[in-house]
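The values are calculated or read from the model by the stated rules, or taken from the named source; none is laboratory data. Here the structure is a predicted model, which is why all the values come from computation and not from measurement. Using ideal geometry, Cβ is built from the backbone for each residue, glycine included, and neighbour counts are taken over all protein chains shown. We work out accessible area using only protein heavy atoms, side chains counted, and drop any ligands, DNA or RNA first. Shrake-Rupley method; radii C 1.70, N 1.55, O 1.52, S 1.80 Å.
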Amino acid sequence: MDYLKSLNEPQLEATINTEGPCMIIAGAGSGKTRVLTYRIAHLIDTKGVDPFSIMALTFTNKAAKEMRHRIEGVIGTDARNIWMGTFHSVFARILRSEAHHIGYPNNFTIYDTDDSKSLLRAIIKEMGLDETQYKANVVYNRISAAKNRLISWQEYLNNPILLADDASNMRPEVGNIYRNYSLRCFKSGAMDFDDLLFNTDKLFKEHLEVLNKYQHRIRYFLVDEFQDTNLCQYFIIRKLAAVTQNICVVGDDAQSIYAFRGADISNILNFEKDYPDLKIIKLEQNYRSTKTIVDAANSVIAKNKAQLPKNVWTSNEEGNLIGLIKAVSDNEEGKLVATSIFEEKMQHQLKFSDFVILYRTNSQSRALEESLRRMNIKYKIIGGLSFYQRKEIKDLLAYLRYTINQQDEASFRRIINLPKRGIGDSTVDKIIVAANDHTISIWEVLQNATSFLGGRAVNTIENFVALIQRFTIEVESKDAYEAAAEIAKSSGLLRDLYEDKTVEGLNRYENVQELLNAIKEYVDDPEREDKSLAAFLQEVSLVTGQDNDKDNDPEKVTMMTIHMAKGLEFKYVYIVGMEEDLFPSQMMLTSRAELEEERRLFYVAITRSQKKLFLSYALTRYRFGRLKNCEPSRFLDDIDAKYVKVSARVGGLESAPNPNYAKSFVSGLKKTVSAQPVKSSYKPPADFAPSDTSGLKEGMKVEHPKFGFGVVTAMDDSGANRKAKIKFSDFGEKTLLLSFAKLKIHEN
C-alpha cells in the first residue's frame, strides 16, 4: 500500500475506484502509466482479484512490457498471469483457442504485411489486372481500412459508395480482389494482422456462447491510449465488458493523431454516451515540462472545437520562453538549428542525447542531416532511415549513376527491373554470365541483346538501352538538375510513386522531390563552377559514405517525425518547418477535422519538451525544383505571444521587451513575408566578365553575379584554396573560395 502515498489526489482516485465504467483523461506528462500500473496492482494486491480475470490492452509491445515490469515490481510474479499485451497479441491468444468456431484451424498462420502484399500481387496478376494501376500497397491499405471499419468483402461488394469511390480512382476491381484475397487466406488457414481483430469481432458476433465465456472469465478491462482505438477495437472491448461494466479507458483526446491509421477520435469524445454512469477522472498536473511550455501548449489546443474540457497545469519552474528561429532558406534553417544545438550544449553542459529535432515529414531531414554532419554532430534517426539510405532515394541515385557509368553493376542490378518491366532474376543472371563468359561488360551484352539472350526479353532490353542512351545525351547537354528531373520522370520512378496515394507512397514521392530539390540547390549555388550531374554525384557520395559509420556511440542528437515522438520526452526540443502547407500539411486542410488533427499533432510536439523549446521556419524552401516563398504556419498564431521570444540569429535569442509584448510579431509574421519578400539574386549586366583575382587585396571593390557589389574585408591565403571575406551591400558578409567565385574587380 506504500505505493499509494506517492500519488496525487486525482491519481489516487483513478487507482482505487475500480468498479464500473471509468474514463481517465490523462493530460500530457501527467503520469498515466503510473496510474494504470497501480490500478492493476491495487485490484490484485488489495481487492484480491485473480490476475487471470484482468485484461489490459496497449498499442505497443514495449508499453505492455514496461507496464508488466512495473506491476511485477509492486506485486511480484502474479503480474505474469494478466491478459496483457497489444490488441493483436491478446486477441490472437483468444483465436488460438476458438478459431475452429469460424472455420479456421487453431494453428492458423499469421501473415505479416509482406506476406499479405505478396499474396495480393499474385491475385492481381491472376486476375489479369494492370499491376501499375492496382499496386499491392494501395490495395492492401484499402482492404485494411475496410476491415478496421468491420466491413467484410460481402458488404464491400454491396456498398455503392465504396464501389463508386474505387471506380473514380480507376480501380473498380478492388472489391473483387478483397473477395479473392479473403477466400485465399481462409483456404490457407491464414489471417493477416487486421483479421486478428476482424475475426475476433466475427467470433463474438456469431457465437454468443464464446462471447459469454470470456465476459464471465474476464471481469476487469483496461485500455491504454484509448484515443488511438479504431471502430473494430472499441466494438470488441465493449462487447467483452458488457456484463461487468468494469471498463477503464485511459487517454487524451488532445493527443489523437493517428486518423490515417484508422484511429477514431469519436470513441473517446462520445464514450460517455455509451456509459451514462461513467466516472470521469482528470489527470491535469503535468510533471514533465516547465510552466511556459505547458501554458503555451494549452493556448494552442484551446483553438480546437472538438475536445474534452480539461485544464493542464504544472508546479514546475517557469522556464525559458520559446525560441523562434527565422531562417532565409531551409538550408539556413538546418545550419541555425545545428548551431543552436551546439551552443546550448556547450553553454549548459548538456549531452547531445538531450536534444531532439522533430519534423512533419521525413523528407525534411536532408538539410538538417547535412548541417549536423558539417558540424560533426552525431545523430540518429528514429523510425526511418537516413535520407540517402531510403530505398526511393537509392533507386533514383542508381539511375543517375548508371547514366554516368554503364559499367556500374550494382546500379544496373538495382534499376534493370525498376519500375517493373518484366525482366526477372534469371534474365539478369544470363546477362552477367554472358558478360563473364565473353570477357565483356554488361553494357555490351545489353547493346547486343539479340546475339546473347534471345527470347521475349530482347525487346525490353533494347528499350532499356535506348532509354539509358537518351539519358546520356541529356546529361551531356543539361545541368545536373535538368538531367536528373528528366531521368526521374522518363524512367517512370516519379509516376510510380505519384500514383501510390497511401501515406507511405506520398512520403516516398516527397523524398524523391527533396532529392531533386537538393540537386536544384546545388546547381543554383553561384560558388559552384561545375554544375554537372557527375560533379553532384561525386559530392553526394561523400555524404552518403558517412551513413556507413558503425559507431555505436549513444551520445547523439535524435531526429524523427512528430508522429514517432508520441510518448517520448526530451530536455530540448526543436520543431522545424513551421510553415503553411508543410505544418499544417497541405493535405490536411480540406476540413475542420483534419486541421484539428494537425493542431493536435503540434500540441504533441510541444509537450515532448521538458526544459526548452525552439520553433523554426524558413522564408524560402525548394519545392518541386523551384525556390518558393514560404508563409509562416498559422500554428505560430495559436501560441500566446507572451510565451515566445524572437531570434534573428542563433546564440542571441532576444527576449521580448516585457512579458505581455504586443502580439504583433507572431500574428504579423504572414504580413512580414508578403510585405518584405525574400531578396532574389542580383542580376549582373550583360557584359559582366570575371576578373583575374590573383592580385585581389583587402579593401578592393568587387562585383559578384549573385550577390552584387561588395568590399573585400579580409583575405586568407593559407592552404591550397585562397579565400576572401566580402561584405556585400544587400547580402551581408560572405566568405568565398576564389577558385570558384566569379568576381569582377572594380576601381575604388
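Under the convention that each Lys and Arg Cβ holds +1 and each Asp and Glu Cβ holds -1, the size of the dipole of segment 170-261 around its Cα centre is about 460 debye. So which helices of the chain fit the span-like rule, where a helix is a whole DSSP H run, its Cα atoms reach 24 Å or more along the axis, and its mean Kyte-Doolittle is at least 0.5? Qualifying helices: 457-477.
Within the chain, the proportion of C-alpha pairs whose separation exceeds 37 Å stands at 52%. Simple rule: put +1 on each Lys or Arg Cβ and -1 on each Asp or Glu Cβ in segment 374-427, find the dipole, and look at Tyr402, Leu418, Ile381; the Cα lying farthest toward the positive end is Ile381.
Can you compute the equivalent ellipsoid semi-axes for segment 213-336, i.e. the square root of 5 times each eigenvalue of the Cα gyration tensor, sorted largest first and rounded to whole Å?
Details: eigenvalues 277, 68, 32 Å².
Output for segment 213-336: semi-axes of 37, 18, 13 Å.
Taking each of Lys5/Lys282; Lys326/Lys378; Lys335/Lys556; Lys391/Lys430; Lys305/Lys642; Lys326/Lys501 in turn, the alpha-carbon distance tops 21 angstrom for Lys326/Lys378; Lys391/Lys430; Lys305/Lys642; Lys326/Lys501.
Where in segment 17-122 are there trypsin sites (Lys or Arg not before Pro) that are in a DSSP coil and have at most 15 other Cβ atoms within 10 angstrom of their Cβ? Working shown, then result.
On the way: sites: Lys32, Arg34, Arg39, Lys47, Lys62, Lys65, Arg68, Arg70, Arg80, Arg93, Arg96, Lys117, Arg121; in loops: Lys47.
Within segment 17-122, the qualifying trypsin sites (Lys or Arg not before Pro) (loop, at most 15 other Cβ atoms within 10 Å) are Lys47.
Among the GluC sites (Glu not before Pro) in segment 93-139, those placed in a DSSP loop whose Cβ has at most 16 other Cβ atoms within 10 Å are Glu131.
What is the Cα radius of gyration of segment 32-141 over 2.2 N^0.38 Å, N being its residue count? Could the numbers behind the result be given before it?
Working: Rg = 20.1 Å, N = 110, 2.2 N^0.38 = 13.1 Å.
Here the answer is 1.53, to two decimals.
For Lys697, the lysines whose Cα falls under 19 Å of its own Cα, not counting residues fewer than eight places away in the same chain, are Lys723, Lys725, Lys727, Lys734, Lys742, Lys744. Across segment 1-72, the mean sequence separation of Cα contacts (distance under 8 Å, 6 or more residues apart), normalised by length, yields a relative contact order of 32 percent.
Under 29 Å of direct C-alpha separation, and excluding same-chain neighbours fewer than eight residues apart, Lys205 reaches these lysines: Lys117, Lys147, Lys187, Lys213, Lys239, Lys273, Lys279. Sorted largest first, the spans of the alpha carbon positions of segment 373-443 along the three principal axes are 49, 24, 17 Å. Summed over qualifying helices (DSSP H, 4 residues or more, each -39500 (n - 2.57)) and divided by its residue number, the chain shows a 222 nm mean residue ellipticity of -13500 deg cm²/dmol. Would you list, by chain and number, the aspartates and glutamates whose Cα falls below 14 Å from the Cα of Lys628, excluding same-chain residues fewer than 8 positions away? In chain and number order, the partners are Asp330, Glu514, Glu521, Asp524, Glu579, Glu580, Asp581.
Charges only on Cβ, +1 for Lys and Arg, -1 for Asp and Glu: so what's the dipole of the chain about the Cα centre, in debye to the nearest 20?
Numbers: 101 positive and 101 negative charges, 195 e Å.
Charge dipole, the chain, about its Cα centre: 940 debye, nearest 20.
By accessible area, using a 1.4 Å probe on protein heavy atoms only, segment 156-235 has 55% of its surface on carbon and sulfur.
Solvent-accessible surface of the chain, taken per residue with a 1.4 Å probe and all protein chains present: 45 Å².
For segment 95-135, report the % of Cα-Cα distances exceeding 12 Å.
On the way: 535 of 820 pairs.
The proportion of pairs with Cα distances above 12 Å equals 65 percent.
When the residues Leu119, Leu627 are ordered by accessible surface, computed with a 1.4 Å probe over the protein chains alone, the sequence from largest down reads Leu627, Leu119.
Keeping the other protein chains in place, figure out the carbon and sulfur percent of the accessible area of segment 405-470, with a 1.4 Å probe.
On the way: 1600 of 3680 Å².
Result for segment 405-470: 43 percent of the exposed heavy-atom area is carbon or sulfur.
Please compute the contact order of the chain in relative form: average sequence separation of alpha-carbon pairs under 8 Å and at least six residues apart, divided by the residue count, as a percent. It would help to have the intermediate numbers written out before the result.
On the way: 1207 pairs, mean separation 103.3, N = 748.
Relative contact order here is 14 percent.
Of the GluC sites (Glu not before Pro) in segment 302-346, the ones in a loop by DSSP (not H, G, I, E or B) with at most 12 other beta carbons within 10 Å are Glu317, Glu318. Could you work out the local net charge near Ser118, counting Lys and Arg as +1, Asp and Glu as -1, over the other residues with Cβ closer than 12 Å to its Cβ? Charge balance near Ser118 sits at 0.
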